[in-house]
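Structure record follows, encoded as structure tokens.
Bear in mind that the values in this text are calculations on the coordinates, not laboratory data. Here the structure is a predicted model, which means the values were calculated and not measured. In this analysis, Cβ positions are derived from the backbone assuming ideal geometry, glycine residues included, and neighbour counts consider all displayed protein chains.
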Amino acid sequence: MAQLYFYYSAMNAGKTTALLQSSYNYQERGMRTVLYTADMNSRDNRYKQIKSRIGLYASARAFNIKTNFFDQIVTIHQKDIIHCVLVDECHFLNRNQVIDLSKIVDVLNIPVLCYGLRTDFRADLFSGSLWLLAWADKLIELKTICYCGRKSNRVLRIDDKGLIIRDGNQILIGGNNRYVSVCRKHFVEQLESPLSLTKRVYKNR
Ligand SMILES: [Zn+2]
């Protein structure tokens, strides 16, 4: 039976690398995959490159807030059988889209693998993460480490000088290098410490 998977982590844990490896594993066995990634400003049926930090890349369908995953996959699946759907940056999904993805699993019996962040820079859940935590069959944490060596499960947003930003919109377009993954202890410490101390931490990185 197919299942809906939510692979979640803090920033820079290798989510995209894991997605591309999983897609490759299917393709290596002659199976067909469909990849999605977020582009909230895109129109339907556009493609965007998924790129991992270690240099792997692949072309993916861009999804935005209006994308109807179920209808798209039904259409593609009718022409040529799909064996797996993989969604990068799934934290941007909305509730209906997560339910749509679960229909792909339950009605079409195609596994759906979603990869994304659990929380934003304030440690609040993203919409997609919230609904995937509620609807996914399997929750799998991908791990990365804090500068102290503990598991990172929080994300700090920093400015170009390495200083922590405490306010702002949940989404910062094109700002992947403006985030640092840390453990919960250091997330709280950094948010509560004077700016002079946070600056010293990031100078030492
Ligand atoms: Zn730490």
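Based on the Cβ-Cβ distance from LEU191 to GLN27, what FRET efficiency comes out when R0 is 45 Å, to the nearest 0.05? E(calc), rounded to 0.05, equals 0.60. For the chain, the relative contact order is 25 percent, taking Cα pairs closer than 8 Å that sit 6 or more residues apart in sequence and dividing their mean separation by the residue count. In terms of surrounding Cβ atoms within a 10 Å radius of their Cβ, LEU117, LEU56 rank from fewest to most as LEU56, LEU117. Using 1/(1 + (r/R0)^6) with R0 = 30 angstrom and r between the beta carbons of MET1 and LYS79, what's the FRET efficiency to the nearest 0.05? The formula returns an efficiency of 0.80 here. What you get for the chain, charging only the Cβ of Lys and Arg (+1) and of Asp and Glu (-1), is a dipole of about 760 debye around the Cα centre. Averaging the sequence gap over all C-alpha pairs within less than 8 Å and six or more residues apart, then dividing by the number of residues, gives the range 82-129 a relative contact order of 51 percent. The spacing between the range 17-64 and the range 100-130, judged by their C-alpha centroids, is 15 Å. Of the residues VAL74, VAL180, VAL105, VAL87, the one with the fewest other Cβ atoms within 10 Å heads the list, and the complete ranking is VAL74, VAL105, VAL180, VAL87.
Between the helical axis of 15-28 and the longest alpha-carbon principal axis of the chain there is an angle of about 20 degrees. In the chain, a dipole from Cβ-located charges (positive for Lys and Arg, negative for Asp and Glu) runs towards its positive end, and of ILE81, SER52, LEU163 it is LEU163 whose Cα lies farthest in that direction. Full extension of the chain segment joining LYS143 with TYR57 gains 28.9 nm, where the gain is 0.36 nm per residue of separation less the Cα-Cα distance. Pairs of Cα atoms nearer than 8 Å and 6+ residues apart set the relative contact order; for the range 1-89 it is 35 percent. Extension gain for ASN12 to ASP160 (0.36 nm times residue separation, less C-alpha to C-alpha distance): 51.5 nm. Rounded, prolate or oblate: which one fits the range 1-142, using the alpha carbon gyration tensor with axes a ≥ b ≥ c (rounded when a/c is under 1.5, else prolate when a/b beats b/c, else oblate)? Taking the square roots of the gyration eigenvalues as a ≥ b ≥ c, the range 1-142 is rounded. Amide H contacts for PHE63 (H built 1.01 Å from N in the peptide plane; partners 5 or more residues away or on another chain; cut-off under 5 Å): THR37, ALA38, ASP39.
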